[in-house]
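Below is one structure; the comments refer to it alone.
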Amino acid sequence: MGNNIKEKLIKGTLWNTIEKVAIKSASFVIGIILARLLSPEDYGLIGMLMIFISLSSIFIESGFAKALIQKQDRTDIDFSTTFYFNLGVSLLLYLALYITAPYIASFYNFPILSPLLRVLSINIIIASINIVQRAKLMIEMDFKSLAKINFLGTLVGGIGGILMAYKDFGVWALAGQYLISTLTMTILFFKYSHWTPTLHFSFISFKKLFRFGFNLLIAGSITTIFNNIATIAIGKLYKSSQLGYYTRANQFTDMIAWTINDVLGNVTFPILSELQNDRERLISIYKKSLFYTSLITFPIMTLLAILAKPIILLLLTEKWLPCVALLQILCFARMLTPLSAINMNALNAIGRSDLFLKIDLSKLPIDIFFLIVTIPLGIKAIVIGNLISTVICFFINAYYPGKILNYGPIKQLKDFIRVFISIGVMSIFVILIRTHIDNVSLQLLLGSILGITIYIICCKIFNIISFSHFNIFSQYIHKNNHNEI
């Protein structure tokens, strides 16, 4: 190919990092402002409906985007077929949600949920239009354009949501934020992708793409249901404010965990797919993705857990204090989420979406068990159950990739031992600051600075990081810098 792997990886990682950091920073600031203007009840109401929006998004995409990326001989007919399929499914799902909205509102006993869901569901139609354009930019590894699109969409949507919240629109401000953001991105995708659908729909193309995507559709649906089933239970059995605390704690941890995962995942998946027939190179990138994800995710999540109280007090005010304990527990659960995602991503890259589905199905009994046991015990118990389940599921997620690529969960964790030790030393110093300083601003400032400094020093002492590590694929590139794919 024209571009060597070194250029693709460096540019892709750079722009993907810029995108994720910029977007998550903007989302974080926007979220803080909205949380101050809105109430936990408002977030609880949106939280009750997000499973329906998330599940609809899975059905609309149906694994076709990943199928397009993974497919080596894709054509414009494949893209157009996917576009029309996505749009058609989105219209059917919107109709279904529109009809069932009153029944969903009745289930939760909140009448406002009916009109809210009908408006919020418009988002799935808008989002379905940009799936192909997004996939094309990822295939081309044009992360610069993706960065611009996603950042502008986040910013415009956030500004719209803030203005609505300031004008006392309440929960409708959150709905407005989603719609404005998605609409902005869809318009920009057409501008930057330079692609419009042709009047072609191929059943042959559909069958080929669906054969790969179907397993991802089922797996994604199962994952979405069980990731949100706790939300359904809390919304039904507890006050909407309790669900608001749970939702907000989830947003904090998910923002960090998935940002780190996306920075590497969005870059490595197209590359791993490209290298699916070169097992040695694929394994090299796969191992480094896991290592550097742990190097960054583990200390950040640990710091967030230790400094959760001053963070909540300073950023969200005292009305959000009940979510501190939930946030701390979820931090440790989300440490493993990016690692699990990378393990599962490796299966998709080599075309084993059948194993992807098999793994997701095997985790169902575990999720169901912990949910049944913890739901009657309260929200904190539900979150603790989620932590235990996440740890068990990490070993399940890593089993098949470990078997195929000879790098299972035990080997992965052994490679992280020096990282764990460095985090332990860092934690001692940060906890001492939390214990002996009363001012929450100083706790956060000194705890963050000292914690990061101690961690970096430990990593240097244990020879975990060096200048060569600033390029996460340095060893791979050094070995192959004269080779082209």
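The values are calculated or read from the model by the stated rules, or taken from the named source; none is laboratory data. Note that the structure is predicted; figures quoted are calculated from it, not measured. Neighbour counts are summed over all protein chains in view; Cβ atoms, including those assigned to glycine, are modelled from backbone coordinates with ideal geometry.
Numerical summary
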{"quantity": "In the range 69-86, the residues that are surrounded by fewer than 18 Cβ atoms within 10 Å (Cβ to Cβ) and of a type in the set (Asp, Glu)", "calculated": "ASP73, ASP76"}
{"quantity": "Out of THR75, THR13, sole residue that is polar (S, T, N, Q) and at pLDDT below 75", "calculated": "THR13"}
{"quantity": "Single match in SER362, SER441, SER353 (criterion: surrounded by fewer than 17 Cβ atoms within 10 Å (Cβ to Cβ), of a type in the set (Gly, Ala, Ser) and at pLDDT below 85)", "calculated": "SER362"}
{"quantity": "Some residue of the range 39-57 being over 19 Å from the mean Cα position of the chain (by Cα) and surrounded by fewer than 22 Cβ atoms within 10 Å (Cβ to Cβ)", "calculated": "yes"}
{"quantity": "Pair list, Cβ < 6 Å and 6+ apart or interchain, from the range 433-453 residues that are under 20 Å from LEU315 (Cα atoms) to residues that are assigned to a helix (DSSP H, G or I) and of a type in the set (Gly, Ala, Ser)", "calculated": "ILE433/GLY447"}
{"quantity": "Hey, THR182 in a helix (DSSP H, G or I) and among the β-branched types (Val, Ile, Thr) or not", "calculated": "yes"}
{"quantity": "Hits in the range 274-315 (condition: crowded, with 19+ Cβ neighbours inside 10 Å and assigned to a loop (DSSP other than H, G, I, E, B))", "calculated": "LEU275, LEU307"}
{"quantity": "Elements of type helices (runs of 4 or more DSSP H) contained in the range 33-120, each with 2 or more residues being farther than 30 Å from CYS323 by Cβ", "calculated": "40-61, 64-70, 76-108"}
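For (1) aliphatic (A, V, I, L, M); (2) touching a residue at least 24 places away in the same chain (Cβ under 8 Å); (3) surrounded by fewer than 21 Cβ atoms within 10 Å (Cβ to Cβ), each residue gets a yes or a no:
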residue: ILE382; (1), (2), (3): yes, yes, no
residue: PHE395; (1), (2), (3): no, no, yes
residue: LYS403; (1), (2), (3): no, no, yes
residue: GLN412; (1), (2), (3): no, yes, no
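To keep it simple, each residue is scored yes or no on (1) modelled with pLDDT of 90 or more; (2) surrounded by 19 or more Cβ atoms within 10 Å (Cβ to Cβ); (3) among the polar types (S, T, N, Q).
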| position | (1), (2), (3) |
| --- | --- |
| GLY88 | no, no, no |
| ALA96 | yes, no, no |
| THR100 | yes, no, yes |
| VAL119 | yes, no, no |
| ILE139 | no, no, no |
| GLY153 | yes, yes, no |
| GLY176 | yes, yes, no |
| TYR192 | no, no, no |
| THR196 | no, no, yes |
